[in-house]
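Here's the structure, in structure tokens; my notes come after.
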Amino acid sequence: MMENKILTDELSDAGFQKDSVFKALAWIESLADMQNSSEYSSLSAKPLASIRVFTALECLKLDKDCRGFVYFLEKIGVLNPETREMVIDRATQIESKSFSVDDLKWVVLMVLFNLPNQEAAFTQLEGLMFDEAGGTMH
């Protein structure tokens, strides 16, 4: 894609490593592909009374606090089964030695921002993340 090459060149010129730029663009493209995937959209029809069990690999990437935050977001209606799975997928694809709840919050925002009809959930999470008065992140 020509736009990706231009963006990659501009970010490289700004000091970002090309390998990191390629990985970030691939991560975002995978997020966009999820919108069209029947794998995720079929989750919306499943009953909400189910419990999500994390795999061993997911547990390695997402510590207890991250997993608890995902559960919390689903419980208060920010995430549904479909968006929960997208968040878990995208979070586990980030190559980082440490991954915190704050990192997870940004992943959730990216997922919700890139999906149609998720404005209310996005706004609800944004309200949880940012102090209304000072604009600081919690």
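The values are calculated or read from the model by the stated rules, or taken from the named source; none is laboratory data. Computed from a prediction, not measured in an experiment: that's the story for all the values here. Using ideal geometry, Cβ is built from the backbone for each residue, glycine included, and neighbour counts are taken over all protein chains shown.
Within segment 72-86, restricting attention to residues that are loosely packed, with under 15 Cβ neighbours inside 10 Å and without any contact (Cβ under 8 Å) to a residue 24 or more places away in the chain, which residue is farthest from V108 (Cα to Cα)?
K75
Conditions: (1) hydrophobic (A, V, I, L, M, F, W, C); (2) within 21 Å of E29 (Cβ to Cβ); (3) modelled with pLDDT of 90 or more. V111 meets all but one. Number of the miss?
For V111, the exception is condition (3).
If the Cβ limit is 8 Å and pairs must be 6+ apart or interchain, which residue in segment 44-60 that is in the same structural domain as S98 (by TED's automatic domain parsing) and exposed (fewer than 11 other Cβ atoms within 10 Å of the Cβ) pairs with which residue that is in a helix (DSSP H, G or I) and modelled with pLDDT of 70 or more?
Sorted first by the residue in segment 44-60, then by its partner, the pairs are L48/P81; S50/P81; L57/T92.
Which residues, counting only those in segment 66-115, are small (G, A, S) and part of a helix (DSSP H, G or I)?
Passing the criteria: G68, A91.
Would it be correct to say that I88 is modelled with pLDDT of 80 or more and more than 11 Å from the chain's Cα centre (by Cα)?
Taking the combined requirement at face value, the residue does not satisfy it.
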